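**Q** Handing you this structure, nothing more for now.
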Amino acid sequence: MDDLAQSVDFCAVNNHQRTIIHIDIDCFYAQVEMIKNPALRHCPLGIQQKNIIVTSNYLAREYGIQKCMLVSEGLQLCPQLVLVRGEDLHDYRQVSAKITSLLHRFSPQVEKLGLDENFVDVTNLVAERLMESKGEESVDGYVYGDLNEKCECGCKKRLCIGSYIAGEMRSEICNVLGITSCAGITYNKLLAKLVCTIHKPNKQTTIFPCSSLALVSGLQNVRGIPGIGHRTHETLQLLGINSVTDLQNSNLASLQKALGNDLAIYIKKLSYGIDDSPVKQTGKPQSIGLEDGFRKICVESEVKDKLFTLLQRLLKLLFEDGRIPGSIRVTVRKYDSTQKHSHRTSRQCNIPASLFSSGACHNKNEPVSPKSNEKLMTLIMQLFHKMVDISKPFHLTLVGLAFTKFQERKTGKSSISSFLINDISVQSVLNFRSVSSEADKMEYSSIYQSPHISMEKSDLEPEPSPKKTRRDFVCSRSNVQFSSEEEDVPIRMMCEGPSGDSVDNALWADRGLESHNEQTVGIQTIPLVGSTSSGVTRKCPVDSQMSSCSSDTAHDVSNDIEFHCPHNVDADVFCALPHELKKELMHAWRIERNETSPISQSKKVTLCTKPKQTSIYQYLISNK
Ligand code: TTP
Ligand code: MG
């Protein structure tokens, strides 16, 4: 044992104070389909996205059907396998949201992980129940390892209560939604997630501190530790670290040299079952994107068609989300046939909020006007041309689009911004089946990801909900699948969390060939309307901004113009205002911004005079 190991007391009081429950829904997509069509309950059922079975019911698993298996393989194993298309994620997302909202009845601290997993911190609820408890120490469900926890911090009692709360949660989900799930109960997220998988389906498992080391050490490979992603794993392999025991015994200094201080300590702690990360309340994603993979596209018009179709899908998702994006990102994956190697690259630029204003926005089937659609496509193609020189031969295997830098539409009824914005904050329900016929014809698949999931701190690659058994399988699959003969891959949907963590369950889509040199994009925390973060100001007039694409991160155009239109304000209206009014409006806006923005408050920005009673700001308010 090295210094860190010696300095860690695994039964230290402060390690076990929390009670964390991890809930994972059984064969999620399959359960949703079986609810929609109960006849499917009696058949082996696979959920198909393009040529892959992304999950199956437990009956199908008895035939050896596994997640991410090729449809052809699945049918060989089980010819009577019933396949249901799972590309339209609408229903899964709806059920997922309902599950999370049910869990909120137990605690506000619910962190969504992917579509079918949630961490819930029930520490406070446990404390309440502890006061009413008569001191009995029984466990609801299974226990991993030793039940006779000797720790004196009181964790045993707390975790016993936690196990009953987990049972209540699962009953609630089952009673209300008819969905079964598994739960892991313990004192940190890492162990809760790991122990959750021990007894499945429709079961729950509690682990006490005395067995934590056994659980982590029992993993075959370090890659099985949620939080150790692809890149870290590669580095660890180079250091000769393969098993969890290798990592435990590794020299911390060498690890720090290879991975950096924080990550080295973080993963070393994980290898001992120590995870201090909090359950973060899930917010809206930082980016909403779709990608489409294919064998080969080498003609610009085909790229444009793909991007157009992606844009139409994405606009509907955006409409459903209800926020206004400040930036759009285009991604391509280029294949180099001489090197037999592909890599991703992305470009993004700011977009004017006026494209999404109510004047331009119609309904969920036509989320923006044809003019806005056209402008967006122009921007997208400009970004595309920055990455691909179409005067030379090119070979693409993936294109993607994502909206980022979101702003909420509502800024308060009486604010000048709400006057100018033309609010369209209707949270609609988007049904992909009602999408235009062109998009419907296409084989669609998307993986919706919920926010802040990546437990890995250094890897820039999209990191999924860390289901390692799946991931390992997926990697081997993708190696087979994506040679130069690669199959079409499903479109996937990605979201980046408020923390900037990017998540992506569809690893099977592009592992293997990828060199992971994707440029990192400027993911920022969702700015408050009127905050001082970049993207708040916009260049006027709109058209000049439309052409301002930047090469790698979103370009804030606010520095090089005479007037800045406040972000989220209709640029057309703003531009139409006379010079003096613009000035006055900006002044009032800044004051409001300084008053509302925590960032500004902390910085105490210089502007502090109140708007005049006769200002346009006051005038507009009083005249609304
Ligand atoms: P999982 O929780 O991994 O799988 P599951 O819920 O179907 O099965 P289990 O009982 O083992 O928990 O993933 C949740 C859903 O995510 C799954 O139903 C289908 C989808 N999914 C993908 O879209 N792509 C993938 O690669 C995987 C593994 C899952
Ligand atoms: Mg599941």
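**Q** Name the single residue that is farthest from ligand 1 (Cβ to nearest atom) among those in the range 193-213 being within 24 Å of LYS280 (Cβ to Cβ), in a helix (DSSP H, G or I) and in contact with an Asp or Glu (Cβ under 9 Å, 6 or more places away or on another chain).
**A** Within the range 193-213, the match that is farthest from ligand 1 (Cβ to nearest atom) is PRO209.
**Q** Tally time: how many residues in the range 73-105 are in contact with a Gly (Cβ under 6 Å, 6 or more places away or on another chain) and in a loop (DSSP other than H, G, I, E, B)?
**A** Selection size over the range 73-105: 1.
**Q** Might you let me know whether the range 154-177 holds any residue that is within 16 Å of ligand 1 (Cβ to nearest atom), among the charged types (D, E, K, R) and either in contact with a His (Cβ under 9 Å, 6 or more places away or on another chain) or in a loop (DSSP other than H, G, I, E, B) (or both)?
**A** no
**Q** Shifting gears a bit: Within 25 Å of GLY283 (Cβ to Cβ) and either in contact (Cβ under 8 Å) with a residue 12 or more places away in the chain or in a loop (DSSP other than H, G, I, E, B) (or both), is that true of GLN312?
**A** no
**Q** Does any residue of the range 201-217 turn out to be within 16 Å of ligand 2 (Cβ to nearest atom), charged (D, E, K, R) and buried (at least 24 other Cβ atoms within 10 Å of the Cβ)?
**A** no
**Q** Can I ask one more? Among the numbered criteria (1) surrounded by fewer than 20 Cβ atoms within 10 Å (Cβ to Cβ); (2) more than 12 Å from LEU401 (Cβ to Cβ), which single criterion is violated by SER372?
**A** (1)
**Q** In the range 36-55, what residues are within 14 Å of ligand 1 (Cβ to nearest atom) and out of contact with any helix residue (DSSP H, G or I) (no Cβ under 8 Å at 6 or more places or on another chain)?
**A** GLN49, LYS50
**Q** Within the range 74-83, count every residue that is within 15 Å of ligand 1 (Cβ to nearest atom) and surrounded by fewer than 18 Cβ atoms within 10 Å (Cβ to Cβ).
**A** 1
**Q** Of the conditions (1) over 30 Å from LYS157 (Cβ atoms); (2) within 16 Å of ligand 2 (Cβ to nearest atom); (3) touching a Cys at 6+ places or on another chain (Cβ under 9 Å), CYS68 satisfies every one except a single condition; which number is it?
**A** Result: CYS68 passes all but (3).
**Q** Mind listing just one residue for me: the one in the range 126-142 that is within 14 Å of ILE185 (Cα to Cα) and among the hydrophobic types (A, V, I, L, M, F, W, C) and, of those, farthest from ligand 2 (Cβ to nearest atom)?
**A** My answer is VAL126.
**Q** Can I ask one more? Can we say SER372 is among the small types (Gly, Ala, Ser), assigned by the TED database to the domain that holds LEU401 and in a strand (DSSP E or B)?
**A** Criteria not met by SER372.
The values are calculated or read from the model by the stated rules, or taken from the named source; none is laboratory data. Please read these numbers as outputs of a predicted model, since none were measured by experiment. Neighbour counts run over all protein chains shown; Cβ positions are idealised from the backbone, glycine included.
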